[in-house]
Amino acid sequence: MKKGLFLGLLAASLMAGPVQADTTASASHEVLERVVMLSRHGVRSPTKGLAELRRLSDQDWPAWPVDRGILTPHGADAIRQLGLYLGAQYRWRGLLTANSCPAENSIFVWGDSGDQRTRASAQALADGLAPGCGLKAHGLAPDSPDVLFDAASGGACPMDAAEATKAVIAANGGDIATVPASVAPALAALVQVVAPKACAPGVASNSPAGACFATGPAKVVDKGGEVKVDGPLARGAMLAESVFLEYVQGMPADQVGWGRAGTPQALAAILPVHDYQADLTRRTPYIASHNGALLARQIVAGVTGEAPAAPLAPPLAPVPAGARLISILGHDTNLSNVAGLLGLDWTLPGQPDKTAPDTTLAFEVSRDTATGKRYVRVALYYQTLEDLRQAAALTPAHPAGKVDLPLPACGGDRCTVEDFATLVRKAVPAACWR
């Protein structure tokens, strides 16, 4: 690619001026050496079909421009915008070449092969990280399972179903059917959005209005090595996310939850149902440590610069030895698993979904030039609700959201690389570290 074309594209992404440097790193004479990112895919259509959604609600749901579970063109645009911002950020901080396409193999992007939304999101992010440079995302053969993103049910770190069930029930206060007091208002708000008629007192379960999603028994089920919860909260979590996706897709406000959830305030009222259910089934330590085991190991390999291990780097697409930015593109489940394994938690100003589309955990490795010590810091980059809805350009004048995450096991905002590797190894079951 010609240098002039790259500079033109880069300038378009930085119209408001250069990205500000990390003053903390500068003050301590630290140089950014390597970054490993874990991202959720972009905005997709609901994974449930319209007929199934209709059975749990009062009205027909709006049509989507793509089949279920597929990355939308709007979603691709939004994650590309985040890629533009992050690429500019890391060029300014000296990780990547400043005035040309990145050196060969300095950026490596890997997407989950199992879903179109992750494969397409990986390519859209790559397009943003190095605009106009022809950077290609890697992955296994399309539609083949990649155990990196699902270590438990993929057999690489299997869970004991009884232990997983016990852990989830304990995390829900000892009774899986209990709706915690902290979540009850959100569930009630969701009823009024999705099924006010079907869930009205005295309405029969076979009413033409539909079934009330907020009633019935709850149970923990083992679905081929993946532990799930069936019941009102689980159904509510799926419905709340489906309404949320209408908003961030940019649908008219009068279509979002049939006009009953077309504001940020209304979404913030119902999203705790989704966030709670996600934490319960993904961040609970027993589950997180098993399902996130391979991702955690791969992050350690990237942070330390060790030779990457399978399955991220099969013989046909090994992570290059000189990769300075490694980007892994998966699902909200993967973000939650790694967060639970490392004891990370966060809230996002301006974004009610803790693991919204495009949300990115960045493990940033810096070297202190005075001592030679290398440290890991964790940052979370995300787009606000409105930025996702608009697929807005992100610039220094209108930056992506960023939350710096302390590492509890290190007792501060950073770990040495060695301590980080040790704490991850302790968090992953011994049988899964092989």
(request) For residues that are among the small types (Gly, Ala, Ser) and either open to solvent by less than 10 Å² (accessible area, probe 1.4 Å) or part of a helix (DSSP H, G or I) (or both), scanning just the stretch 83-99, find the one that is nearest to residue 397 (Cα to Cα). (result) 88
(request) Determine the pairs where a residue that is without any contact (Cβ under 8 Å) to a residue 60 or more places away in the chain, located within the stretch 276-295, has a partner that is of a type in the set (D, E, K, R) and open to solvent by 20 Å² or more (accessible area, probe 1.4 Å) with Cβ atoms under 7 Å apart, the partner being 6 or more residues away or on another chain. (result) 288/282
(message) Criterion first (part of a loop (DSSP other than H, G, I, E, B), modelled with pLDDT under 95, out of contact with any Lys or Arg (no Cβ under 7 Å at 6 or more places or on another chain) and closer than 21 Å to residue 302 by Cβ) does residue 141 satisfy it?
(response) no
(request) Could you please give the count of residues in the stretch 397-421 that are open to solvent by 40 Å² or more (accessible area, probe 1.4 Å) and either assigned to a helix (DSSP H, G or I) or modelled with pLDDT of 95 or more (or both)? (result) 10
(message) With the requirement that a residue be open to solvent by 70 Å² or more (accessible area, probe 1.4 Å) and touching a residue at least 24 places away in the same chain (Cβ under 8 Å), what does the stretch 173-194 give you?
(response) 182, 185, 192
(message) If I go through the stretch 373-396 residue by residue, how many of them are out of contact with any helix residue (DSSP H, G or I) (no Cβ under 7 Å at 6 or more places or on another chain), surrounded by fewer than 21 Cβ atoms within 10 Å (Cβ to Cβ), outside any strand (DSSP E or B) and not polar (S, T, N, Q)?
(response) 3
(request) Hey, can you tell me all the residues within the stretch 100-136 that are more than 15 Å from residue 87 (Cα to Cα) and open to solvent by less than 40 Å² (accessible area, probe 1.4 Å)? (result) 110, 111, 112, 113, 114, 117, 118, 120, 121
(message) Here is a check on your reading of the model: is residue 371 among the hydroxyl-bearing types (Ser, Thr, Tyr), more than 24 Å from residue 291 (Cβ to Cβ) and at pLDDT below 95?
(response) yes
(request) Would you check which residues across the stretch 331-372 are open to solvent by less than 10 Å² (accessible area, probe 1.4 Å), out of contact with any Asp or Glu (no Cβ under 9 Å at 6 or more places or on another chain), of a type in the set (S, T, N, Q) and not in a strand (DSSP E or B) and list them? (result) 337
(request) Hey, can you tell me all the residues within the stretch 292-309 that are in a helix (DSSP H, G or I) and either among the aliphatic types (A, V, I, L, M) or under 24 Å from residue 232 (Cα atoms) (or both)? (result) 293, 294, 295, 296, 299, 300, 301, 303
(request) Give the residue, chosen from 170, 218, 198, 234, that is under 14 Å from residue 58 (Cα atoms) and either open to solvent by less than 60 Å² (accessible area, probe 1.4 Å) or at pLDDT 95 or above (or both). (result) 198
(request) Would you mention how many residues in the stretch 238-263 are crowded, with 24+ Cβ neighbours inside 10 Å, among the hydrophobic types (A, V, I, L, M, F, W, C) and touching a residue at least 24 places away in the same chain (Cβ under 8 Å)? (result) 6
(request) Return a yes/no flag: does the stretch 67-80 have any residue that is assigned to a loop (DSSP other than H, G, I, E, B) and touching a Leu at 6+ places or on another chain (Cβ under 7 Å). (result) no
(request) Taking residue 252 as the residue in question, decide whether it is touching a Leu at 6+ places or on another chain (Cβ under 8 Å) and under 30 Å from residue 71 (Cα atoms). (result) no
(message) Every residue in the stretch 249-286 that is of a type outside the set (D, E, K, R), under 17 Å from the mean Cα position of the chain (by Cα) and either over 15 Å from residue 238 (Cβ atoms) or part of a loop (DSSP other than H, G, I, E, B) (or both), please.
(response) 249, 284
(message) Quick check on my filter: what residues within the stretch 137-167 are of a type in the set (D, E, K, R) and either closer than 22 Å to residue 340 by Cβ or crowded, with 22+ Cβ neighbours inside 10 Å (or both)?
(response) 146, 150, 160, 163, 166
(request) Any chance you could count how many residues in the stretch 67-81 are open to solvent by less than 50 Å² (accessible area, probe 1.4 Å) and either within 15 Å of residue 128 (Cβ to Cβ) or out of contact with any helix residue (DSSP H, G or I) (no Cβ under 7 Å at 6 or more places or on another chain) (or both)? (result) 8
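The values are calculated or read from the model by the stated rules, or taken from the named source; none is laboratory data. Everything numeric in this text was worked out from a predicted model, so none of it was measured. We place every Cβ from the backbone using ideal geometry, glycine too, and count neighbours over all the protein chains shown. Remember, those area values only see protein heavy atoms, side chains included, never the ligands or the DNA or RNA. Shrake-Rupley method; radii C 1.70, N 1.55, O 1.52, S 1.80 Å.
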